[in-house]
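Please treat every number below as a calculation from the coordinates, not as lab data. Just so we're clear, the structure is a prediction, and the values are computed from it rather than from any experiment. Cβ placement follows ideal geometry from the backbone for every residue including glycine, while neighbour counts extend to all protein chains displayed.
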Amino acid sequence: MAFIFENMAVMKMLTIIILIVFCSFSVYGQRNGLSRFEKMFTTDADYGIAEKAQEGDIIFNELMPFVTEGQSKFVELMNKSPRIIDLMTLNIANISENGEISKIKKISDTTLLLHPGQYVVLAPDTDAINCPAGRNSESLYIKNALPLFSSTTTSLVLFDEDTMIIDKIVYSLKWHTPNIEDIHNVSLERINPQGETQDSLNWHSAASVVGFQTAGFENSQMLKGFMSSEKSFWLEGNTFSPDNDGFQDYLKIGYNLPKEGYLLTIKVYTRSGALVCTPYSNYLVPRTGVLTYNGSFDGNSAMIETGLYVMRIEGHHQSGDKYIENLVFIKAK
């Protein structure tokens, strides 16, 4: 009997020691929101060590500049880099043609980490963002007065503490899908995160099937699942229907060139050979990538008519190398 009591006393003592050690780690070891005990089972990546943002790390990903009463404008940013970035180090502002920055708004007044692939939504009233999908628990939503954010056109810039520009955009409501009659409460979504921010063909109206906005969620018109080809130029599909339903709303043009430095010119012709439009003219591209065409005329809100067309793609390099491809596609209703 004495042996049993003795072992019970030992077990009780061990339990007390373990509790003391645990509490010591938890109470006195707090840093970055995790205790030392918790850090024994985590890595730096779990709680995040912020790095300095580089140009292009965080991009403008969705814009909602034109809303009706009771709804809020918003700007969505996306971290497309492999780095964790502290939003407290970034600012959003307006920028003039000569590079003058004005109406500066700090993104966050406190440390707030944006992880790779994560979205942050900035809005004067985050409660008035009427996204049908609701809130994404993995995204950040910040109440921010925002700089001048016109319903027609505005220049926005994202920069860090050293005034290094991370991304900038001069958007226009002309970037919306031409066949949308009312663009109130319809956001502009970026199609390709790797594409140029200022390329108007890299933006599209949010699809009707998602309620015309995806604040904090993956864009309804986001480019994904595009397969490469052994050819220099190709189309993912030869039919598209730009009706903003989220399915085949734009034509995807893939390219795979032998080296950097090519300029691409893309022209669209009718089947009888009449020039319809020139979506891209001497456009400098990376060695491989994807371009898009939304079915509009040059600088015009009108759409090309339903029918069969020929897309002529010419790639020119300063070395004298040249690639030409003629691709047939159909613009459906």
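Our coupling estimate for segment 98-103, obtained by passing each phi through the Karplus curve with A = 6.51, B = -1.76, C = 1.60 and θ = phi - 60°, is 8, x, 6, 9, 9, 6 Hz, Gly and Pro reported as x.
Positive end of the dipole of segment 225-333 (Cβ unit charges, origin at the Cα centre): among 251, 318, 232, the Cα lying farthest that way belongs to 318. For a straight C-alpha distance cut-off of 29 angstrom, the lysines reachable from residue 224 (same-chain residues fewer than eight places away being disregarded) are 52, 73, 80, 168, 174, 252, 259, 267, 322, 331, 333.
Restricting the calculation to Cα atoms, every distinct pair contributes to the Kirkwood radius of segment 101-246, found to be 17.2 Å.
By its C-alpha gyration tensor, with a ≥ b ≥ c as the square roots of the eigenvalues, how is segment 186-237 shaped: rounded for a/c under 1.5, else prolate for a/b larger than b/c, else oblate? Prolate.
Going by a ≥ b ≥ c, the root eigenvalues of the Cα gyration tensor, does segment 229-274 fall in the rounded group (a/c under 1.5), the prolate group (a/b larger than b/c) or the oblate group? Oblate is the answer for segment 229-274, as a/c is 1.5 or above yet b/c matches or exceeds a/b.
Sorting 96-106, 320-330 by their mean Cβ neighbour count within 10 Å, with the most densely packed peptide first, gives 320-330, 96-106.
By DSSP, the beta bridges lying fully in segment 46-224 are antiparallel in about 90 percent of cases. Net charge in the neighbourhood of residue 70 (other residues with Cβ under 13 Å of its Cβ; Lys, Arg +1, Asp, Glu -1) is -2.
Does segment 225-333 come out rounded, prolate or oblate by the C-alpha gyration tensor, with a ≥ b ≥ c the root eigenvalues, rounded set by a/c under 1.5 and, if not, prolate when a/b is larger than b/c and oblate if not? Note, shape of segment 225-333 comes out prolate.
Summing Lys, Arg as +1 and Asp, Glu as -1, what charge do residues with Cβ under 15 Å from the Cβ of residue 311 carry, residue 311 excluded? My count for the surroundings of residue 311 gives +2. Hydrodynamic estimate: the Kirkwood radius of segment 81-179 over Cα pairs, inserted into Stokes-Einstein at 10 °C and 1.306 mPa s, corresponds to D of 107 µm²/s. Summing Lys and Arg as +1 and Asp and Glu as -1 over all other residues whose Cβ lies under 13 Å from the Cβ of residue 298 gives a net charge of +2. Using the Cβ-Cβ distance between residue 322 and residue 239 with R0 set to 22 Å, the FRET efficiency works out to roughly 0.15. Between residue 198 and residue 80, the simple spin-label model (points 7 angstrom out along Cα→Cβ) gives 1.6 nm.
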